[in-house]
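> To start, I am sharing the structure in question, which I have written as structure tokens.
Every number in this text was worked out from the coordinates using simple rules, so none of it is lab data. Note that the structure is a prediction, hence the values are computed from the model and not measured. Don't worry about glycine lacking a Cβ; one is built from the backbone with ideal geometry, like all the others, and counts go over all protein chains shown.
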Amino acid sequence: MRNLISITDLSVQESEDLIKTAYRIIEDPAHFAHVCDGKKLATLFFEPSTRTRLSFEAAMYELGGHVLSVAGAASSSASKGESVADTAKVVSCYADIIAMRHPKEGAPQVAALNASIPVINAGDGGHNHPTQTLADLLTIHREKGRLNDLTIGLCGDLKFGRTVHSLIQAMSRYTGVRFVLISPEELMLPGYVKHDVLEKYDIPYEETTDLEGAMPKLDILYMTRVQRERFFNEEDYLRLKDSYILTPKKLKNAKPDMKILHPLPRVNEISVAIDDDPRACYFKQVLNGKYMRMALILKLLEVEA
Ligand code: CP
């Protein structure tokens, strides 16, 4: 039985196979409409979500399956003190696969150790968000036609931004990839990602606070929100929240074929004036997330389609 807790739980070949399955789903969704008939996905979300929860649920419905949902800790027995381990054992009695989001880093791993069905990490605290990375990989592949030889700018909250941590882990496995890490000093990439991934595998990277200075060299600009919910005090959040706001003027020196990604939700870090720019891909990313989650559910449920 397989789980997806970190993006590196999938080999490069496996993540590319998921991309191939996603392309097949895009080309012929009717072929997949009943492949999960009778199967049940439990979405256990102990932290707010729009995209991840709804795209997992849409993915399962579009495969013919059913969904059981816990949206928010307050509506589940977690509010009475039930542990993640017990919750995982209980939900294993009802469902065939679990997607779990939790504010505590490592909670989906604990669930996986106790469940008797596959567990997918749908975002754990400021740690990892592997299925967002699957959405990002398909988006980059569809938009650039490749996953290698790319200069990727990651901008905003690189400290708490779990999507950034997972994307770096995934893209570091491709040749010719380099990163430009653009953040305020206080929100720089954590040491465990810098040392255990970038330095360990000798991946070229630079750190800067200057978004406009970095712009001309980027093939991908991955914007992120400053994560209010992870700050210990409101003052720090208020001081840092407007560090980077992408406007049409700031794109003046960007490559004409640079692609702009954002995991969303957006607060104000990308001006809505950019939404109609052909380089803006963040709403395409949302749709790609559903296709990749469909492909992932098929893989973990070992459904041949
Ligand atoms: N990208 C993402 O994880 O969005 P949600 O928090 O809405 O699920």
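> Enumerate the amide H contacts of Ala280 below 5 Å, restricted to partners 5 or more residues apart or on another chain; note that Pro and chain-start residues carry no placed amide H.
Amide H neighbours of Ala280: Ile260.
> Quick one: of Lys39/Lys104; Lys217/Lys252; Lys39/Lys290; Lys255/Lys290; Lys40/Lys290, which pairs are farther than 20 Å apart, Cα to Cα?
Lys39/Lys104; Lys255/Lys290
> Could you order the peptides 161-169, 190-198 from most to least packed, using the average number of other C-beta atoms within 10 Å per residue?
Peptide ranking by packing, descending: 161-169, 190-198.
> I've got another one for you. Out of residues 5 or more away from Glu207 or on other chains, whose amide H comes under 5 Å of its own, with H placed 1.01 Å from N in the peptide plane?
Leu181
> Here's another thing I want to ask about it. Relative to the first principal axis of the alpha-carbon coordinates of the chain, what is the inclination of helix 130-144, with its axis defined by its Cα atoms, in degrees from 0 to 90 and to the nearest 10?
50 degrees
> Further, regarding this structure: Using just the Cα positions, wrap the range 178-254 in a convex hull and report its mean projected area in square nanometres, one decimal place.
The directionally averaged projection comes out at 5.7 nm².
> Using only the C-alpha atoms of the range 33-124, find the volume of their convex hull and express it per residue in Å³.
Looking at the range 33-124, the number lands at 77 Å³ per residue.
> Compute the distance in nm between two label points, each set 7 Å from the Cα along the Cα-to-Cβ direction, one at Leu68 and one at Glu234.
4.0 nm
> Which values of log₁₀ I(q)/I(0), to two decimal places, follow from the Debye formula for the chain at q = 0.09, 0.12, 0.13 Å⁻¹ with a uniform point scatterer at every Cα?
Once normalised to I(0) and log-transformed, intensities are -0.43, -0.78, -0.91.
> For Asp276 and Ala30, FRET efficiency with R0 = 41 Å and r from the beta-carbon atoms, rounded to 0.05?
Calculated value: 0.85.
> How much net charge surrounds Leu187 when only the other residues with a Cβ under 15 Å from the Cβ of Leu187 are counted, with Lys and Arg +1 and Asp and Glu -1?
-2
> Classify the range 152-305 as rounded, prolate or oblate from the Cα gyration tensor: take a ≥ b ≥ c as the square roots of its eigenvalues, call it rounded if a/c is under 1.5, otherwise prolate when a/b beats b/c and oblate if not.
rounded
> From the helices alone, meaning DSSP H stretches of at least four residues, give me the mean residue ellipticity at 222 nm for the chain, per-run term -39500 (n - 2.57), in deg cm²/dmol to the nearest 500.
Result for the chain, helices only: -10000 deg cm²/dmol.
> Now for a different question. Does the range 122-217 classify as rounded, prolate or oblate by the C-alpha gyration tensor (a ≥ b ≥ c root eigenvalues; a/c under 1.5 gives rounded; else a/b over b/c gives prolate, otherwise oblate)?
Since a/c stays below 1.5, the shape of the range 122-217 is classed as rounded.
> Next question, about the same structure. With a/c under 1.5 counting as rounded, go ahead and sort the range 1-47 into rounded, prolate or oblate using the C-alpha gyration tensor (a ≥ b ≥ c being the square roots of the eigenvalues; past the cut-off, prolate if a/b is larger than b/c, else oblate).
oblate
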